[in-house]
Amino acid sequence: MAAIKGPLSESAQKVTGQALQGALVDLVDLSLFAKQAHWNLTGRNFKVVHEHLDEIVDLARQSMDDVAERAIAIGVNPDGRARTVADRSEIPQLEAGYLEDDKVVAAVTDALAQIIARFRERIAATDEPDPVSQDLLIGISAELEKQHWMFQAQS
Ligand SMILES: [Fe+2]
């Protein structure tokens, strides 16, 4: 088949593709991070945190699909392979085993803050090259920032 031809110039496609690929890695790993915490959680606030973590999973999964499909729409192949994500993710790893609710809330808050900072950089980077991708990144950032507030408010 022919390669997908998007609307962007080669240089705009490159910058935007890197931003979307970086966002994809963050979101795939965020979904895994939140599920790991969802399963291994302990503590008095188990129920509320357990359920809240699945909201993060849902947000990450929907958003990863949106950024991956935006990437291919501009002719950049998204790479969501486990090894790629493991190699490139900068989200701190959770410890294996049981995780206390207070520590999970702090870890999620911290991870979201780091991801949001990278999304802000991607928003700046795509401003001129591709406002359509930028708009997608802004929308996802608004949801990440809302979750960041809600996790901070629990600690
Ligand atoms: Fe579950």
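Only the coordinates and a few stated rules stand behind these numbers; no lab work does. These numbers come from a predicted model, not from an experiment. Neighbour counts are summed over all protein chains in view; Cβ atoms, including those assigned to glycine, are modelled from backbone coordinates with ideal geometry.
Values as computed for the structure displayed
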| item | result |
| --- | --- |
| In the chain, lysine pairs with alpha-carbon atoms under 30 angstrom apart (chain gap of 8 or more, or interchain) | 8 |
| Top positive-direction residue, dipole computed over region 116-155 with Cβ charges, set A153, A142, I123 | A153 |
| Residue among V25, V48, V85 with the largest mean-square fluctuation in a Gaussian network model of the chain, springs linking Cα atoms under 10 Å | V48 |
| Environment charge of R70, counting only residues whose C-beta is closer than 13 Å and scoring Lys/Arg +1, Asp/Glu -1 | -4 |
| Under 5 Å, built H, 5+ apart or other chain: amide partners of L99 | L41, T42 |
| Bins of 5 Å from zero: percent of alpha-carbon pairs in the chain | 2, 10, 19, 21, 18, 13, 8, 5, 3, 1, 0, 0 |
| Average Cα contact separation per residue, region 16-78, under 8 Å, 6 or more apart, as relative contact order % | 47 |
| Pairwise centroid distance, computed over Cα atoms, of region 121-135 with region 16-82, Å | 20 |
| Helix-only [θ]222 nm of the chain, DSSP H runs n ≥ 4, -39500 (n - 2.57) each, per residue, nearest 500 | -26000 deg cm²/dmol |
| Highest average packing first - 147-153, 93-99, Cβ atoms within 10 Å | 147-153, 93-99 |
